[in-house]
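Below is one structure, written out as structure tokens, with a few remarks after it.
The values are calculated or read from the model by the stated rules, or taken from the named source; none is laboratory data. Bear in mind the structure is a predicted one, so any value in this text is a computation, not a measurement. In this analysis, Cβ positions are derived from the backbone assuming ideal geometry, glycine residues included, and neighbour counts consider all displayed protein chains. Please note that ligands, DNA and RNA were not included when accessible areas were found on the heavy atoms of the full protein model with its side chains. Shrake-Rupley method; radii C 1.70, N 1.55, O 1.52, S 1.80 Å.
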Amino acid sequence: AQTVTQSQPEMSVQEAETVTLSCTYDTSENNYYLFWYKQPPSRQMILVIRQEAYKQQNATENRFSVNFQKAAKSFSLKISDSQLGDTAMYFCAFTPGTASKLTFGTGTRLQVTL
Amino acid sequence: NAGVTQTPKFQVLKTGQSMTLQCAQDMNHEYMSWYRQDPGMGLRLIHYSVGAGITDQGEVPNGYNVSRSTTEDFPLRLLSAAPSQTSVYFCASSYRLAGGLEQYFGPGTRLTVT
């Protein structure tokens, strides 16, 4: 079975600063995918970024990037130039390569302040 | 496209009552699933379906039934509601069963069982 661990229940960052959210996972799969989802106060789940385990290059999406360390089973999310709209709950998630069943971490609540 | 829709948005039930949470998607997605979100526990998979007529259990299936008679609809039934089923429920869909595909989430249903 897979497990996903987010060890930071809450974080705070000032506007325009950079913040990194941590995620570790455990799996025996060789082929898998990792995701970061954002859940703002509206409750909607929004995909932020996706990483394929067999790709060594770290994924980036505008201000969002990941640091994927496969050997260490670590998948952190870096948010650059933080904006007030980034205030949300962030979930790290995992799927095996052949299945769509997401395993989520417990989430990190990020507050962006002025 | 409306994407993934869920009804109702909010519901209050008494212990022992039954109800159905509705989920529909208009993207012709094969894969649909139900998650529940509880404080401090992230999202957990209840049931999923890989196509019309095919369903399977997820991580926390007890107390819930599903069926999939059409590609578009995937209702979740609570046969005898219990306070432990107080949660936010999300329906999600993706094009097919494959680990790397983006899953599209509905807006969620907040259910309270008293």
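In the range B:39-55, the residue that is surrounded by the most Cβ atoms within 10 Å (Cβ to Cβ) out of those that are at the interface with another protein chain (Cβ under 10 Å from one of its Cβ atoms) and of a type outside the set (V, I, T) is B:L43. In the range A:89-114, the residue that is nearest to B:F105 (Cα to Cα) out of those that are more than 14 Å from chain B (Cβ to nearest Cβ) and open to solvent by less than 20 Å² (accessible area, probe 1.4 Å) is A:L110. Just so you know, in the range B:1-25 the residues that are outside any strand (DSSP E or B) and open to solvent by less than 70 Å² (accessible area, probe 1.4 Å) include one that is nearest to B:Q85 (Cα to Cα), and it is B:G16.
Pairs meeting the criteria (first residue in the range A:49-64 and among the acidic types (D, E), second residue assigned to a strand (DSSP E or B), beta carbons under 9 Å, at least 6 apart or on different chains) are A:E52/A:Y32; A:E52/A:Y33; A:E52/A:L34; A:E61/A:V48; A:E61/A:I49; A:E61/A:R50.
Within the range A:34-41, identify whether any single residue is more than 12 Å from the chain's Cα centre (by Cα) and within 21 Å of B:Q103 (Cα to Cα), and answer yes or no. The answer is yes; a qualifying residue exists.
Yes/no matrix, rows are residues, columns are (1) surrounded by 20 or more Cβ atoms within 10 Å (Cβ to Cβ); (2) within 13 Å of chain A (Cβ to nearest Cβ):
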site: B:Q57; (1), (2): no, yes
site: B:E72; (1), (2): no, no
site: B:L76; (1), (2): yes, no
site: B:A92; (1), (2): yes, yes
site: B:Q103; (1), (2): yes, yes
site: B:T109; (1), (2): yes, yes
